[in-house]
1. Look at residue 91 and say whether it is surrounded by fewer than 22 Cβ atoms within 10 Å (Cβ to Cβ) and assigned to a strand (DSSP E or B).
2. Name the one entry in 350, 410 that is modelled with pLDDT under 90 and either open to solvent by 50 Å² or more (accessible area, probe 1.4 Å) or basic (Lys, Arg) (or both).
3. Could you tell me how many of the residues in the range 51-84 are closer than 29 Å to residue 208 by Cβ, open to solvent by less than 10 Å² (accessible area, probe 1.4 Å) and at pLDDT 90 or above?
4. Name the residues in the range 405-427 that are of a type in the set (Gly, Ala, Ser), in a loop (DSSP other than H, G, I, E, B) and within 17 Å of residue 305 (Cβ to Cβ), would you?
5. Any idea which of (1) assigned to a loop (DSSP other than H, G, I, E, B); (2) open to solvent by less than 50 Å² (accessible area, probe 1.4 Å); (3) modelled with pLDDT under 90 is the one residue 33 doesn't satisfy?
6. Considering only residues that are surrounded by fewer than 18 Cβ atoms within 10 Å (Cβ to Cβ) and touching a Phe, Trp or Tyr at 6+ places or on another chain (Cβ under 9 Å), which ones fall in the range 191-211?
7. Which one is nearest to residue 86 (Cα to Cα) among residues in the range 198-215 that are more than 27 Å from the chain's Cα centre (by Cα) and outside any helix (DSSP H, G or I)?
8. Out of the residues in the range 126-144 meeting the condition of being open to solvent by 30 Å² or more (accessible area, probe 1.4 Å), hydroxyl-bearing (Ser, Thr, Tyr) and part of a loop (DSSP other than H, G, I, E, B), tell me which one is modelled with the lowest pLDDT.
Amino acid sequence: GKKTSNDQYCEMKFSTLLLAGLQSVKAAEVYQAIYSGEEFHDSLGDAVIFLNEPDQAAGGSDLIVGCNKNKQCARTLLHFNVDTLPDDAVITDVQMTLLAAASVAVDEPPVTLDVHQVTEFWNRTSTSTPDGVRDTWQDSLAGTTATAGDVTWKYSVYPDTEWGSAGGDVNTDVITSFVSEGWEGRSGPMFFPMTDAFKKVVTGWIDGTIPNYGVLVKRDTEEPDDARMRIFFHEVSGNKQYRSPKLLITYTSVSNPEQMPSSESGPGILLPGEPTKPPTSSSPTSAPTCPIDADTNVLVGTSVQHATIFLGNGDLSQDKGAFGVGIAHSGELLRGLLQFPVDTIPKGSTITCAEIILKTTGPCGPCKGTVDVEMYRIESAWTTTGTNDFLEVPQPLLYQVELEGAGANTGDVTWTHSSYNAADPSKGTLWTKEGGDVGSSLLSMEKDNERSQHKFPSSDEFIETIQGFVDGTIENNGFMFKTDESEEYIAQKAEENTYKDYETAYRLFMAEDSEDEERVPQLIVHYTLGSDASPASDVSSASDVASDVSSAMARKQQVTIAAVFISFATLFL
């Protein structure tokens with residue numbers, strides 16, 4: 001294979017990916033995120049029970065584990081419905097996640113949270129949500145009066161069926177645990193790791209050899225005089241994909257080897273805070289998003305400049321750090337600009353597929369709302385300086401600048417200017433149309449349905465644009481990302497976002513100047529060489545790589561390995 005020294009483009013790490021790919025060919029792993037919120041056996045998915053309180057129930061609110069300063073203690077119950085998994089699933093990894101909803105000071109002593117298998121049926125209704133608020137739990141732990149069908153400390157199903165042992169019938173063996181220490185800032189998810197016992201229980205749930213009554217989470221020592229407690233988000237918390245309790249299962253299956261992964265997790269999409277990347281899951285066909293065969297060449301490159309421009313503000317710009325798209329809480333409408341070079345693709349090549357992958361950033365997920373992002377071709381050249389007119393400041397103030405803009409420097413792009421002149425704006429270069437000169441054709445659109453990663457998939461118009469860039473028939477000025485800016489859409493998004501008084505719908509995307517190379521924008525182009533073209537040094541031919549592995553490998557095997565390479569490569573973008 002050919003190697004590159006170009007720092008804007010990377011040749012895929014094929015030697016590492018080959019080993020992973022060969023393993024995947026043997027037994028493709030599927031990655032599923034199972035949420036506790038799904039109704040299971042007529043019961044909702046989580047509940048809290050309170051020490052020595054036989055008639056108090058709680059569900060659909062904060063999950064609580066431990067004891068408060070008034071010697072009141074609580075335990076949490078969770079259901080995970082694994083009925084959608086094939087009976088012959090062979091688990092290779094299983095973890096459970098909980099996300100803290102209340103902070104814990106760094107100097108507070110750690111708490112060990114133990115997970116036990118529940119051995120008797122329990123139930124929770126939708127009428128047991130308590131009135132207490134998060135800030136009061138340390139002083140007063142209480143649920144609401146139990147109604148028929150609720151679980152409590154005494155009853156597995158109130159008021160008819162009692163637990164064999166008050167506080168829940170469980171296997172006394174701990175199947176997994178997590179040591180929770182204090183933290184600064186926002187907490188990431190707590191991952192309860194796989195153990196042999198945890199794996200055995202979940203396997204039994206799947207194949208039916210162990211009744212699935214869920215798990216109970218409790219503190220390892222429940223001394224009422226020892227006021228240590230943790231509070232977690234529950235099944236119906238906002239931003240479900242991040243906050244809700246989850247069971248993360250990786251498995252193989254002979255009967256259903258091509259089962260799709262859960263949409264929130266993959267393939268190649270990292271769950272927020274996850275300590276390791278999930279495996280690439282097989283799609284219903286062996287091909288990745290873009291079709292590939294042994295003659296396909298792949299360009300994987302990042303952007304060379306970016307910017308945010310702000311509706312009606314001809315003297316504001318932002319071209320360092322993240323770039324924004326959508327409706328910000330300052331009332332601004334943001335458009336993002338991004339440019340990728342493609343000059344390493346030989347002229348005469350035929351583009352077969354193209355897609356862009358962007359990673360999001362920024363604080364306060366619920367603040368942002370959800371937004372549909374559209375992509376268009378920019379028709380005029382634009383410039384940036386890569387320097388904002390403000391002093392370097394730490395987060396989160398930086399994000400305010402990225403949302404509200406900074407005074408434009410000479411050479412920056414703005415809403416009115418493709419190249420601004422700070423000394424005399426009249427001498428700058430104006431857009432033909434304010435807000436940027438863009439084509440009328442929508443090239444691609446990302447519906448906001450994946451946390452942290454946004455893919456702008458291939459389309460005929462997208463392919464035609466990249467083909468024009470390569471052939472020289474279309475000037476490569478990059479792409480503009482914007483949302484629907486109509487009054488109707490803005491009003492709709494304001495109504496949808498119920499977080500405080502925010503009326504926002506925006507995204508902040510990482511740019512090429514990110515310190516995390518795995519989070520920079522990525523343009524992925526698949527192409528075949530023309531009869532008079534030769535591969536450039538900055539791209540890789542799938543057939544060349546396969547030949548390097550083994551000159552005796554059959555063509556069919558080459559195609560299979562090539563497809564695996566590209567699937568696994570998305571994990572490194």
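1. For residue 91, the condition - surrounded by fewer than 22 Cβ atoms within 10 Å (Cβ to Cβ) and assigned to a strand (DSSP E or B) - is met.
2. After ruling out the rest, the residue left standing is 410.
3. Residues in the range 51-84 being closer than 29 Å to residue 208 by Cβ, open to solvent by less than 10 Å² (accessible area, probe 1.4 Å) and at pLDDT 90 or above: 7 in total.
4. Of everything in the range 405-427, those that are of a type in the set (Gly, Ala, Ser), in a loop (DSSP other than H, G, I, E, B) and within 17 Å of residue 305 (Cβ to Cβ) turn out to be 405, 408, 411.
5. So the condition that residue 33 fails would be (1).
6. Of everything in the range 191-211, those that are surrounded by fewer than 18 Cβ atoms within 10 Å (Cβ to Cβ) and touching a Phe, Trp or Tyr at 6+ places or on another chain (Cβ under 9 Å) turn out to be 193, 211.
7. The selected residue is 208.
8. Looking at residues that are open to solvent by 30 Å² or more (accessible area, probe 1.4 Å), hydroxyl-bearing (Ser, Thr, Tyr) and part of a loop (DSSP other than H, G, I, E, B), I get 140.
The values are calculated or read from the model by the stated rules, or taken from the named source; none is laboratory data. Keep in mind that this is a model prediction, so the values were computed, not measured. Every residue, glycine among them, receives a Cβ derived from its backbone with ideal geometry; neighbour counts consider all protein chains shown. Side chains are part of the model used for accessible areas, which takes the heavy atoms of the whole protein and leaves out ligands, DNA and RNA. Shrake-Rupley method; radii C 1.70, N 1.55, O 1.52, S 1.80 Å.
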